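*Asks:* Below you will find the structure I want to go over with you.
The values are calculated or read from the model by the stated rules, or taken from the named source; none is laboratory data. Predicted model, so just to flag it, every value in this text is computed and none were measured. Don't worry about glycine lacking a Cβ; one is built from the backbone with ideal geometry, like all the others, and counts go over all protein chains shown. Surface areas here come from the heavy atoms of the whole protein model, side chains and all, with no ligands, DNA or RNA. Shrake-Rupley method; radii C 1.70, N 1.55, O 1.52, S 1.80 Å.
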Amino acid sequence: QVRLVECGGGLVQPGGSLRLSCVASGLTFSIRGMSWYRQAPGKERELVAGIGSDGSSIIYGESVKGRFTISRDNAKNTVYLQMNSLKSEDTAVYYCKVRNLQYWGQGTQVTVSS
């Protein structure tokens with residue numbers, strides 16, 4: 001079955017950086033677009049970034065443009081989210097998802113706090 005495992009979350013100070021990873025198994029990763037979403041307490045889940053199967057067709061949510069970068073390594077079945085200049089409002093559980101399919105990871109907590 002399809003499995004997505006995120007890692008890389010943690011506690012970071014405002015202005016700091018984190019790099020999230022999501023390793024996929026059980027699917028042909030190289031033909032699937034991937035996305036990162038996040039959900040903060042009391043808020044709806046929102047799209048953070050998406051990337052096409054070949055690394056093109058990249059999109060970002062308005063609140064993270066210029067600070068976050070999505071990338072992928074098809075040889076490693078992995079999608080990444082580099083997060084720079086983190087703000088307290090970036091605090092959330094971050095999930096990866098297969099585009100156009102309802103497969104989600106378990107999420108990784110990112111907390112931005114001094």
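*Asks:* Considering only residues that are in contact (Cβ under 8 Å) with a residue 12 or more places away in the chain and over 13 Å from the mean Cα position of the chain (by Cα), look in the stretch 92-112 and name the one that is nearest to Pro41 (Cα to Cα). Show your work before the answer.
*Replies:* Of the stretch 92-112, the ones in contact (Cβ under 8 Å) with a residue 12 or more places away in the chain are 92-101, 103-112.
Of the ones still in play, those that are also over 13 Å from the mean Cα position of the chain (by Cα) are 100-101, 103, 111-112.
Numbers: Asn100: 25, Leu101: 24, Tyr103: 21, Thr111: 11, Val112: 14 Å.
Looking at residues that are in contact (Cβ under 8 Å) with a residue 12 or more places away in the chain and over 13 Å from the mean Cα position of the chain (by Cα), I get Thr111.
*Asks:* Give Thr78, Thr91 a once-over and let me know the one that is more than 14 Å from Leu18 (Cβ to Cβ) and in contact with a strand residue (DSSP E or B) (Cβ under 8 Å, 6 or more places away or on another chain). Step through it out loud before you land on a result.
*Replies:* Numbers: Thr91 fails: more than 14 Å from Leu18 (Cβ to Cβ).
Matching residue, one of Thr78, Thr91: Thr78.
*Asks:* As an exercise: evaluate Ile58 against (1) within 30 Å of Ser114 (Cα to Cα); (2) without any contact (Cβ under 8 Å) to a residue 60 or more places away in the chain and give the number of the one condition it does not meet.
*Replies:* The single condition Ile58 does not satisfy is (1).
*Asks:* Just need a number here: residues in the stretch 32-53 that are among the β-branched types (Val, Ile, Thr) and at pLDDT below 95.
*Replies:* So the first thing to find is which residues in the stretch 32-53 are among the β-branched types (Val, Ile, Thr), and the list is 48, 51.
Those left that are additionally at pLDDT below 95: none.
Residues flagged as among the β-branched types (Val, Ile, Thr) and at pLDDT below 95 within the stretch 32-53 amount to 0.
*Asks:* On to the next question. Looking only at residues in the stretch 42-56 that are touching a strand residue (DSSP E or B) at 6+ places or on another chain (Cβ under 7 Å) and in a loop (DSSP other than H, G, I, E, B), which one is most open to solvent (accessible area, probe 1.4 Å)? Please lay out each step first, then the result.
*Replies:* Within the stretch 42-56, the first condition is being touching a strand residue (DSSP E or B) at 6+ places or on another chain (Cβ under 7 Å), and the residues that meet it are 45-51, 55.
Add one more test, that the residue is in a loop (DSSP other than H, G, I, E, B), and what stays is 45, 55.
On the way: Arg45: 92, Gly55: 31 Å².
Restricting to residues being touching a strand residue (DSSP E or B) at 6+ places or on another chain (Cβ under 7 Å) and in a loop (DSSP other than H, G, I, E, B), the top hit is Arg45.
*Asks:* Could you check the stretch 71-114 and list, in sequence order, the residues that are open to solvent by 40 Å² or more (accessible area, probe 1.4 Å) and assigned to a loop (DSSP other than H, G, I, E, B)?
*Replies:* Asn77, Asn84, Ser85, Lys87, Arg99, Asn100, Leu101, Gln102, Tyr103, Gln106, Ser113, Ser114, listed by residue number.
*Asks:* Among (1) more than 12 Å from the chain's Cα centre (by Cα); (2) surrounded by 14 or more Cβ atoms within 10 Å (Cβ to Cβ); (3) among the hydroxyl-bearing types (Ser, Thr, Tyr), where does Thr28 come up short?
*Replies:* The number of the failed condition is (2).
*Asks:* A further question on this structure: Considering the stretch 22-41 alone, what residues qualify as being aliphatic (A, V, I, L, M) and either in contact with a His (Cβ under 7 Å, 6 or more places away or on another chain) or assigned to a strand (DSSP E or B) (or both)?
*Replies:* If we filter the stretch 22-41 for residues that are aliphatic (A, V, I, L, M), which is where we start, we get 23-24, 27, 31, 34, 40.
Val23, Ala24, Met34 - these are the residues of the stretch 22-41 that are aliphatic (A, V, I, L, M) and either in contact with a His (Cβ under 7 Å, 6 or more places away or on another chain) or assigned to a strand (DSSP E or B) (or both).
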